[in-house]
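Let me begin by presenting the structure, written as structure tokens, before commenting on it.
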Amino acid sequence: MQSVGSDPARLIAYRGGEAHVEGVALSRIAAEIGTPTFVYSRSALVETYQRFARAVDGMNATICYAVKANGNLAVVNTFAGLGAGADVVSIGEMKRAIQAGIPAGRIVFSGVGKTDEEMRSALAQGILQFNIESPDELNALSRIAVAAGKRASVALRVNPDVDAKTHEKITTGKKGNKFGIDIAHAPAMAAKAARLPGIAFDGLAIHIGSQLTSLDPYRHAFKRLADLTRELRGQGIVIERLDLGGGIGIAYQTDGAQGPTIALDDYAQVAAETVGNLGCKLVFEPGRSLVGNAGLLLARVVRVKDGEDRRFVILDAAMNDLVRPAMYGAHHAIKPVRQPPAGTVESPVDVVGPICESSDLFAAQRALPPVLADELLVLLSCGAYGFVMASTYNMRPLAAEVMVEGDRFAVVRPRQSFEDMLGTDRLPDWQASDLPEARSRGAA
Ligand SMILES: *Cc1c(COP(=O)(O)O)cnc(C)c1O
């Protein structure tokens with residue numbers, strides 16, 4: 001039984017004393033592109049996608065990659081080439097999916113706050129389905145569709161009130177979360193959706209959270225979805241499609257220290273047992289599980305500093321590049337690029353970034369082999385919710401992104417330049433003459 005991304009360290013292999021991703025030495029990427037840099041393995045992306053596809057084969061399913069996990073064009077295009085659809089949560093993501101080659105007819109639009117403009121734009125593109133999360137949104141979409149002379153394909157996202165047993169910030173299917181329609185209200189709303197002139201009601205959707213490591217919440221949620229499907233059908237409402245969401249967790253700890261992750265075949269089996277015999281088309285929306293362990297963040301040690309009671313390893317990567325540790329207390333495995341000699345003794349250090357926040361801490365008291373300034377380290381499991389959550393806090397340019405395949409690599413997003421970062425802001429015209437640059441231009 002294969003489990004998804006069961007060991008984050010599998011992305012790298014030491015050869016000749018140096019960490020490689022596929023056939024490319026990470027020191028080569030650092031030398032040519034600099035750091036911090038996100039590095040993705042195309043072979044790993046293809047492998048995880050194909051594993052997912054194999055697990056749900058024969059279930060009449062569309063795999064709609066959740067673009068928010070990693071929206072790089074080269075990543076989305078890789079999945080497009082394998083036949084994926086997309087789950088998008090903004091019109092920007094829809095544009096990215098289409099740009100990357102995913103047909104509009106395979107795009108699902110999720111999210112609690114779709115604006116009228118976003119709905120108009122997605123409707124004009126002819127997307128597969130809107131996942132609707134409130135009565136008001138349903139009415140708005142119907143109105144927009146009628147005005148455009150169209151009917152919008154709609155699934156109702158229900159909140160099944162199950163505890164996904166994951167981090168509180170990424171649980172989405174509990175009562176009290178902002179997501180979905182309370183399952184008790186779903187029948188009335190489905191009946192209404194089936195009558196609205198601009199709506200082609202065709203199904204139900206759920207998404208109960210992210211980084212799930214147990215199948216029980218899925219089993220409960222899928223059962224509730226199946227019960228609701230039968231109830232609605234009993235009222236004469238047609239349900240053609242069930243969208244089961246995403247959320248499958250990956251391993252962030254190496255060597256299985258985190259405990260079990262979800263095996264894909266078991267997940268598919270739970271889906272088959274609960275909703276498989278309803279004759280519905282299925283949609284899966286995996287994000288993290290497809291990309292998380294296919295990417296890493298390559299960083300350089302700026303300095304090692306001995307504090308009062310601990311040693312700090314200060315990287316040139318920071319919370320603006322990878323916010324998950326600061327935001328969720330997330331664990332990322334850290335490995336040196338230069339292979340430590342056998343028998344090297346590890347000792348605990350705090351691995352931090354240079355940002356002026358104490359939360360700019362990647363790992364507290366993490367056992368690492370001795371590291372020196374200028375050495376390269378990698379933070380593993382950075383393919384999902386890494387670059388996409390980056391910011392320029394502390395006026396730090398957005399990191400570069402690199403794709404590796406075999407012995408070659410390519411920059412798939414250049415590091416942001418200082419010109420780009422500094423050139424975006426404007427002064428009000430009554431202030432413009434105060435800039436040294438404008439003064440010199442005026443003098444010329
Ligand atoms: C975020 C999200 C996903 C993907 O979640 P993962 O945990 O990355 O698999 C799928 N569907 C919806 C609606 C989402 O918001």
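Taken together, the values in this text are just the output of simple stated rules run on the coordinates, not laboratory data. Keep in mind the model is a prediction, meaning the values are calculated, not measured. All Cβ positions, glycine included, derive from the backbone under ideal geometry; neighbour counts span all protein chains shown.
Name the residue that is surrounded by the fewest Cβ atoms within 10 Å (Cβ to Cβ), counting only residues in the range 289-321 that are away from the ligand (no atom under 16 Å from the Cβ) and under 17 Å from residue 69 (Cβ atoms).
Filtering the range 289-321 for residues away from the ligand (no atom under 16 Å from the Cβ) gives 296-321.
Applying the additional criterion that residues be under 17 Å from residue 69 (Cβ atoms) yields 296-297, 321.
Values: 296: 30, 297: 26, 321: 29.
Ranking the candidates gives 297 first.
For the range 119-150, give me each residue that is among the acidic types (Asp, Glu), surrounded by 19 or more Cβ atoms within 10 Å (Cβ to Cβ) and free of Cβ contacts under 8 Å to residues at least 40 places away in the same chain.
Kept after step one, since they are among the acidic types (Asp, Glu), are these residues of the range 119-150: 133, 136-137.
Next, only the ones that are surrounded by 19 or more Cβ atoms within 10 Å (Cβ to Cβ) stay: 133, 137.
137, the sole residue that qualifies.
Here's the yes/no breakdown for (1) in contact with a helix residue (DSSP H, G or I) (Cβ under 8 Å, 6 or more places away or on another chain); (2) in a helix (DSSP H, G or I); (3) within 19 Å of residue 244 (Cα to Cα); (4) among the acidic types (Asp, Glu):
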position: 68; (1), (2), (3), (4): yes, yes, yes, no
position: 71; (1), (2), (3), (4): yes, no, no, no
position: 76; (1), (2), (3), (4): yes, yes, no, no
position: 96; (1), (2), (3), (4): yes, yes, no, no
position: 102; (1), (2), (3), (4): yes, no, no, no
position: 113; (1), (2), (3), (4): no, no, no, no
position: 120; (1), (2), (3), (4): yes, yes, no, no
position: 138; (1), (2), (3), (4): yes, yes, no, no
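What pairs come out if I take residues in the range 81-95 that are under 11 Å from residue 65 (Cα atoms) and pair them with residues that are in a strand (DSSP E or B) and among the basic types (Lys, Arg) whose C-beta lies under 8 Å away, six or more apart or interchain?
none
Considering only the range 30-39, I want to know if a residue exists there that is over 25 Å from residue 362 (Cα atoms), β-branched (Val, Ile, Thr) and within 23 Å of the chain's Cα centre (by Cα).
Taking every residue of the range 30-39 in turn, none turns out to be over 25 Å from residue 362 (Cα atoms), β-branched (Val, Ile, Thr) and within 23 Å of the chain's Cα centre (by Cα).
Given the residues 147, 97, which is the only one that is within 17 Å of the chain's Cα centre (by Cα) and more than 13 Å from the ligand (Cβ to nearest atom)? Spell out how you get there, then give the answer.
Working: 147 fails: within 17 Å of the chain's Cα centre (by Cα).
Of the residues listed, the single one that is within 17 Å of the chain's Cα centre (by Cα) and more than 13 Å from the ligand (Cβ to nearest atom) is 97.
So which of 9, 53 ends up being within 16 Å of the ligand (Cβ to nearest atom), of a type outside the set (Asp, Glu), over 16 Å from the mean Cα position of the chain (by Cα) and surrounded by fewer than 21 Cβ atoms within 10 Å (Cβ to Cβ)? Let's see the steps before the verdict.
Numbers: 9 fails: within 16 Å of the ligand (Cβ to nearest atom).
Result of the check over 9, 53: 53.
Does any residue of the range 252-260 turn out to be surrounded by fewer than 20 Cβ atoms within 10 Å (Cβ to Cβ), hydroxyl-bearing (Ser, Thr, Tyr) and farther than 20 Å from residue 69 by Cβ?
Filtering the range 252-260 down to residues surrounded by fewer than 20 Cβ atoms within 10 Å (Cβ to Cβ) leaves 253-260.
Now drop any that are not hydroxyl-bearing (Ser, Thr, Tyr), which leaves 254.
Subset that is farther than 20 Å from residue 69 by Cβ: 254.
Yes, the conditions are met somewhere in the range 252-260.
So which of 179, 201 is in a loop (DSSP other than H, G, I, E, B) and surrounded by 17 or more Cβ atoms within 10 Å (Cβ to Cβ)?
On the way: 201 fails: in a loop (DSSP other than H, G, I, E, B).
On inspection, the qualifying residue turns out to be 179.
Criterion first (more than 16 Å from the ligand (Cβ to nearest atom), buried (at least 22 other Cβ atoms within 10 Å of the Cβ) and more than 30 Å from residue 9 (Cβ to Cβ)) does residue 190 satisfy it?
Numbers: more than 16 Å from the ligand (Cβ to nearest atom): yes; buried (at least 22 other Cβ atoms within 10 Å of the Cβ): yes; more than 30 Å from residue 9 (Cβ to Cβ): yes.
So residue 190 passes the test.
List pairs: first residue in the range 334-355 and in contact (Cβ under 8 Å) with a residue 60 or more places away in the chain, second residue of a type outside the set (A, V, I, L, M, F, W, C) and loosely packed, with under 12 Cβ neighbours inside 10 Å anywhere in the structure, Cβ distance under 8 angstrom, at least six positions apart or on different chains.
338/17; 339/17
Any idea which of (1) more than 16 Å from the ligand (Cβ to nearest atom); (2) assigned to a helix (DSSP H, G or I); (3) in contact (Cβ under 8 Å) with a residue 40 or more places away in the chain; (4) over 23 Å from the mean Cα position of the chain (by Cα) is the one residue 225 doesn't satisfy?
Answer for residue 225: the failing condition is (1).
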